[in-house]
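Colleague: The structure that follows is given in the form of structure tokens.
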Amino acid sequence: MVFAGLILSFSVYTYTVFYGTPWGKQQHKKNMQSYITEKYQTGFVLTKVSYNFLSETYQGFAYPKEHSNLLFIIEEDIDSPAGYSDNYPKVMWDSELATNLKAEIKELFPNLDEEMFKALQIKDKAEYFGPNIPSYNETNISILSTSIPIDIKENWKQVNQKNEIQKMKKLSQFLQQVNFPVLMEIRYYQDETNEQAKVFFITEKGEIIEK
């Protein structure tokens, strides 16, 4: 009996190590559903929750109710104040749903570099983009967050700085209005080696940070 009990205990322990626990999955499913609904102010279908034993975290998969083809990932994230991060902004940005969103941003910043105007998760990007451009750690941004660069090949000292700041404020307000919280990077430089490069961040909460 004792031996059988030990075998059972070991089996349960092994299962939880690789697959998590049923109650853990249920709790995270509830938390994830609340997290994405509150963050994007729209309805989502959470398809499943699984456990990643390598990172010892729970992950979920969801899509907007009216767009089942836009499947994205939600992950536990200790660096995020909400406890989770997701790649919905990237998935949405790569779809036709972002057409109007891109048009609005291009209207504000008509000189942006089209080739660099792409959404990527920060963990997939290099820590630095050039001289004097800060690491994401300095802005307390989760590496699982999505960022979209607005690259402008102009010297910050030679542009109408007051006007550029005003455009950033308008962009921040617009992103909040359309419930698209994403990290935007506005970078001014004449070339990749320009030591006078200037960068601004618009955080997911709309705060503008100058670096």
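Results for (1) surrounded by 13 or more Cβ atoms within 10 Å (Cβ to Cβ); (2) outside the structural domain of Asn160 (by TED's automatic domain parsing); (3) of a type in the set (Lys, Arg), shown as yes or no for each residue.
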site	(1), (2), (3)
Leu70	yes, yes, no
Ile78	no, yes, no
Ala82	yes, yes, no
Leu97	yes, no, no
Asn100	no, no, no
Glu104	yes, no, no
Leu108	yes, no, no
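Colleague: Sticking with this structure for a sec: Scan Tyr84, Tyr51 and give me the residue that is under 24 Å from Gly24 (Cα atoms) and touching a Ser or Thr at 6+ places or on another chain (Cβ under 8 Å).
Modeller: Tyr51
Colleague: Working only within the stretch 49-103, note down all residues that are assigned to a loop (DSSP other than H, G, I, E, B), among the small types (Gly, Ala, Ser) and out of contact with any Asp or Glu (no Cβ under 9 Å at 6 or more places or on another chain).
Modeller: Listed by number, the residues that qualify are Ser68, Ser80, Ser95.
Colleague: Within the stretch 25-44, is even one residue farther than 27 Å from Tyr188 by Cα, surrounded by fewer than 17 Cβ atoms within 10 Å (Cβ to Cβ) and aliphatic (A, V, I, L, M)?
Modeller: The answer is no; no qualifying residue exists.
Colleague: Turning to a different aspect of this structure: Any idea how many residues of the stretch 30-51 are modelled with pLDDT under 95 and under 12 Å from Glu76 (Cα atoms)?
Modeller: Count: 3.
Colleague: I've got another one for you. Residue under question is Glu104, and the condition is that it be among the acidic types (Asp, Glu), at pLDDT 95 or above and touching a helix residue (DSSP H, G or I) at 6+ places or on another chain (Cβ under 8 Å); does it hold?
Modeller: Yes; evaluated as a whole, the condition is true for this residue.
Colleague: Same structure again: Which residues, counting only those in the stretch 55-68, are surrounded by 14 or more Cβ atoms within 10 Å (Cβ to Cβ) and among the small types (Gly, Ala, Ser)?
Modeller: Residues satisfying the conditions are Gly60, Ala62.
The values are calculated or read from the model by the stated rules, or taken from the named source; none is laboratory data. What you see is a predicted model, and the numbers here were worked out from it, not measured in a lab. No Cβ is skipped: glycine too gets one built from the backbone with ideal geometry, and neighbour counts run over all protein chains shown.
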